[in-house]
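The values are calculated or read from the model by the stated rules, or taken from the named source; none is laboratory data. Just so it is clear, the model here is predicted, and its values are computed rather than measured. With ideal geometry, Cβ positions are generated from the backbone for all residues, glycine too; neighbour counts draw on all protein chains shown. The protein model used for the area step is the full one, side chains on, heavy atoms only, and it has no ligands, DNA or RNA in it. Shrake-Rupley method; radii C 1.70, N 1.55, O 1.52, S 1.80 Å.
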Amino acid sequence: MARLFGTDGVRGVANTELTCDLAFKLGQAAVAFKGKTILIGKDTRLSGDMLEASVAAGVMSMGGTALLAGIIPTPAIALLVRELSCDGGVVISASHNPPEYNGIKLFDGEGFKLPDAVEDEIEAFVARGGAAAEDVPVGDAVGVAIPVEDACERYIAHAVRTVACEGIDLAGLKVALDVGHGASCMTSPEALRRLGADVTVINEDFDGTDINVECGSTHLGPVRALVAEIGADVGIAHDGDADRVMMVDAQGNEIDGDVVEAVCAIDLKKRGKLSGNTAVSTVMCNLGLAHALRDAGIELVQTKVGDRYVLEAMREGGFAIGGEQSGHMIFLEHNSTGDGLVTALQFLAACRRAGASVEEAAAVMTRFPQTLVNVRVRDKHAVDGNEAVCAAVAAAEEALGDSGRVLLRPSGTEPVVRVMVEASDAAEAERHAKAIANVVEREV
């Protein structure tokens, strides 16, 4: 049987894979494993109301209190479970996935996503059918649902404070903002305007079926066009639940999570706030990030792919910043999970402190050309230790030296081995990637 929890909560097509019954049991589990007071938020998907009602019913069936924050970004729930002294939090969102999908993410009382061990216990709880009849309260012992009217305002005020407390504002900055028909429509435009930015927003409306569709952080075309149309200094794009952000400069050049991390880590170091003189990313980050940080005298810790592993390394090492190329960035001083709005504000504040335009600030990192080849194989795990594959990788690494990198990674979901090569020259990256891929295809 497939594991219920994926890399970021429980996810599936709403009302078929992610059913009301499953949502109800996860609501029960939130109380059973975390405590009586559970904060619930959602993005703009049509199925959000249905699943919110089911999760809340599960919470109340266990005698818990369901605090309903309504449409709100994921990072706001992570923040507010602490501010409101909740025992846990639930976000109903499938992040950057298409509108027909939805998901349920669970947070503990400190605003952190749950560890694998707790997810395993919850999975077993759901498999047993949820709470046993004798464990369910009756009569006046059942719980209630209470709306949290000022949830978005609390989060906006927090995000603004993260830069305003340093004496930074965004007066005179022209911003093109794509909120992707998602939850950030409730928060990002207001936060940027409150800091003095001149903001033009697209995809701010929603009907529940348009979230992430050809817009937002995974489709930068609309925000690029808006930047060109209004002559913006920067374009900002969120995914559906705004736990990540991607940006473009005034020329429309992409600024991904690697570039943002380089700029912000260097800024933190200059201000004496880069704990351990270290930043955290994954093995899939661009080699340009490692070089930019090395040149600035900053260590880089690399983890397995996934924000949970980045966060784990940050907490273990006491580090301040970590992120992924996708724009999922964690600033532990400001929040306990990826926060697209806070990330955008920290990046823009770093540009202000440096007295640089967005384009000038981003120049601290030079992106290495990257070639990724997906090789369909018979046994993806057989790639480890295969002599011919190891020899091909070693030959490429020797040829590339310090100016390139090779990474082989079995897919987590398909019979595929991903061959990634970076080099200072795009043609060289492609040549080495194809050579290794040919050996993998033949041998595995």
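Of all residues in region 119-142, those satisfying the criterion of being in a helix (DSSP H, G or I) and over 15 Å from Lys25 (Cα atoms) are Glu134, Gly139, Asp140, Ala141.
Condition check ((1) buried (at least 18 other Cβ atoms within 10 Å of the Cβ); (2) touching a strand residue (DSSP E or B) at 6+ places or on another chain (Cβ under 9 Å); (3) of a type outside the set (Lys, Arg); (4) closer than 18 Å to Asp339 by Cβ) across all residues:
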site	(1), (2), (3), (4)
Arg244	yes, yes, no, yes
Ala250	no, yes, yes, no
Glu261	yes, yes, yes, yes
Thr278	yes, yes, yes, no
Val283	no, yes, yes, no
Asn286	yes, yes, yes, no
Leu289	yes, yes, yes, no
Ala292	yes, no, yes, no
Tyr309	yes, yes, yes, yes
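Within region 128-152, being small (Gly, Ala, Ser) and either open to solvent by 80 Å² or more (accessible area, probe 1.4 Å) or closer than 13 Å to Thr65 by Cα (or both) holds for Ala133, Ala141, Gly143, Ala145.
Given the criteria acidic (Asp, Glu) and either in contact with a Pro (Cβ under 7 Å, 6 or more places away or on another chain) or open to solvent by less than 50 Å² (accessible area, probe 1.4 Å) (or both), does Asp205 qualify? No; evaluated as a whole, the condition is false for this residue.
Against the numbered list (1) without any contact (Cβ under 8 Å) to a residue 40 or more places away in the chain; (2) surrounded by fewer than 21 Cβ atoms within 10 Å (Cβ to Cβ), Gly317 comes up short only at (1). The condition of being more than 24 Å from Ser184 (Cα to Cα), assigned to a loop (DSSP other than H, G, I, E, B) and touching a residue at least 40 places away in the same chain (Cβ under 8 Å) holds for only one of Leu26, Leu4, Leu46, that being Leu4. Looking across region 29-43 at every residue that is among the small types (Gly, Ala, Ser) and part of a helix (DSSP H, G or I), the one that is most open to solvent (accessible area, probe 1.4 Å) is identified as Ala32.
Give region 298-314 a look and list any residue that's in contact with an Asp or Glu (Cβ under 9 Å, 6 or more places away or on another chain), of a type in the set (Val, Ile, Thr) and in contact (Cβ under 8 Å) with a residue 24 or more places away in the chain, or say none. Passing the criteria: Val305, Val310. Within region 7-23, restricting attention to residues that are within 17 Å of Asp239 (Cβ to Cβ) and outside any loop (DSSP other than H, G, I, E, B), which residue is most open to solvent (accessible area, probe 1.4 Å)? Within region 7-23, the match that is most open to solvent (accessible area, probe 1.4 Å) is Arg11.
Within region 216-231, being farther than 17 Å from Val259 by Cβ and surrounded by 24 or more Cβ atoms within 10 Å (Cβ to Cβ) holds for one residue alone: Gly216. Of all the residues in region 35-49, those that are among the β-branched types (Val, Ile, Thr) and under 21 Å from the mean Cα position of the chain (by Cα) number 2. Of the helices (runs of 4 or more DSSP H) lying entirely inside region 151-263, those containing at least 1 residues that are aromatic (Phe, Trp, Tyr) and in contact (Cβ under 8 Å) with a residue 12 or more places away in the chain span 151-164.
Those residues that are in a helix (DSSP H, G or I) and either modelled with pLDDT of 95 or more or charged (D, E, K, R) (or both), I need them from region 102-117; list them, please. Result: Asp116, single match.
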